[in-house]
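Input: a single structure, listed below in structure tokens.
The values are calculated or read from the model by the stated rules, or taken from the named source; none is laboratory data. Computed from a predicted structure; not experimentally measured. Note that each Cβ is placed from the backbone with ideal geometry, even for glycine, and that neighbours are counted across all protein chains shown. Areas reflect the complete protein model, heavy atoms only, side chains present, ligands, DNA and RNA absent. Shrake-Rupley method; radii C 1.70, N 1.55, O 1.52, S 1.80 Å.
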Amino acid sequence: MTSEKSIAAEKFDLKATKICKSYGGTEAVKDFNLTILSGEVFGLIGDNGTGKSTIMRVIALIDRMDSGEILINGVDACENAKHYRTKIGYIPQANALIEEMTAIDNLKLFSLLDNKATAEKIDELSKAFDMDRFLHKKVKHLSGGMARRVNIAAGLINSPSFIVADEPFTGLDATQRTKVIGYLENLAKEGVGQLISSHYAQNLESWSKSIITI
Ligand SMILES: Nc1ncnc2c1ncn2[C@@H]1O[C@H](COP(=O)(O)OP(=O)(O)OP(=O)(O)O)[C@@H](O)[C@H]1O
Ligand SMILES: [Mg+2]
């Protein structure tokens, strides 16, 4: 027996078929298909305006698609969006933090866990992303890279079964990028599937199963 916890993530197999989404006359995403099984990491690469964030918001069940289908473990995700949204860790491209609040209060705000579990999770993420020294500072007083790490932590606070991370590495220095990648790699080993967008394939190619270029 080892004292280390062996955490297996809940099975979360995602299959998106023929996703279409337009904004007015702008066709942002057309017939996009994707299958990510538990523990698989897919990179989404593309130039500005190619539809990466749109795909991510649709797959994270934040925005509705115009047509298409998303199945999670064979179940229609959109019909059960309320349930599945709590299983998905969404890290938005633009930080979704309240600037006037401290980093730790933001993390508490995002948490669905009970107090003790929240405190443990914040402690774990704080150590993983070197956040200890600024946890009690207001977000508006943090540097870009510090706020970015709080934003990433906010998406991971509920121990998601699947992660949708939109440009998570933007604004991180090389050391912090390596730490975040290491943390996400470990989650993948525990079975957490991930869709991660980036402008640069080199952030993803060493550890993802596949890179999709749109
Ligand atoms: N809320 C919105 N309202 C109107 N148009 C939108 C909206 N969101 C995205 N679009 C349009 O949809 C297209 C795809 O945008 P999207 O943000 O998905 O691209 P992206 O690949 O994430 O770009 P970037 O690399 O700059 O983040 C663009 O033409 C954009 O103008
Ligand atoms: Mg984007």
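Tabulated data
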read-out	value
Number of the exception - I104 against (1) open to solvent by 20 Å² or more (accessible area, probe 1.4 Å); (2) under 22 Å from Q93 (Cβ atoms)	(2)
Enumeration of residues in segment 59-74 that are surrounded by 13 or more Cβ atoms within 10 Å (Cβ to Cβ) and either of a type outside the set (G, A, S) or at pLDDT below 95 (or both)	I59, L61, I62, D63, M65, D66, E69, I70, L71, I72, N73
Neighbours by Cβ (under 7 Å, 6+ apart or cross-chain): first from segment 49-77, within 16 Å of ligand 2 (Cβ to nearest atom); second at pLDDT below 95 and open to solvent by 30 Å² or more (accessible area, probe 1.4 Å)	T50/I214; G51/I214; K52/I214
Yes/no for A201 being hydrophobic (A, V, I, L, M, F, W, C), open to solvent by 20 Å² or more (accessible area, probe 1.4 Å), in contact with a strand residue (DSSP E or B) (Cβ under 6 Å, 6 or more places away or on another chain) and within 16 Å of ligand 2 (Cβ to nearest atom)	yes
Which listed residue, of K15, K87, K82, is in contact with a Phe, Trp or Tyr (Cβ under 8 Å, 6 or more places away or on another chain) and away from ligand 2 (no atom under 16 Å from the Cβ)	K87
Search result, residues across segment 9-27 that are open to solvent by 20 Å² or more (accessible area, probe 1.4 Å) and of a type outside the set (D, E, K, R)	A9, T17, C20, S22, Y23, G24, G25, T26
Unmet requirement for L113, which otherwise passes all of (1) free of Cβ contacts under 8 Å to residues at least 60 places away in the same chain; (2) in a helix (DSSP H, G or I)	(2)
Residues located in segment 154-176, provided they are part of a helix (DSSP H, G or I) and surrounded by 17 or more Cβ atoms within 10 Å (Cβ to Cβ)	A154, G155, L156, Q176
Any hit, segment 42-51, residues being near ligand 1 (Cβ under 10 Å from one of its atoms), in a strand (DSSP E or B) and surrounded by 15 or more Cβ atoms within 10 Å (Cβ to Cβ)	yes
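Here is a yes/no grid of residues against (1) away from ligand 1 (no atom under 16 Å from the Cβ); (2) of a type in the set (A, V, I, L, M, F, W, C):
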| position | (1), (2) |
| --- | --- |
| L142 | yes, yes |
| N151 | no, no |
| A154 | yes, yes |
| P160 | yes, no |
| T170 | no, no |
| G193 | yes, no |
| S197 | no, no |
| S208 | yes, no |
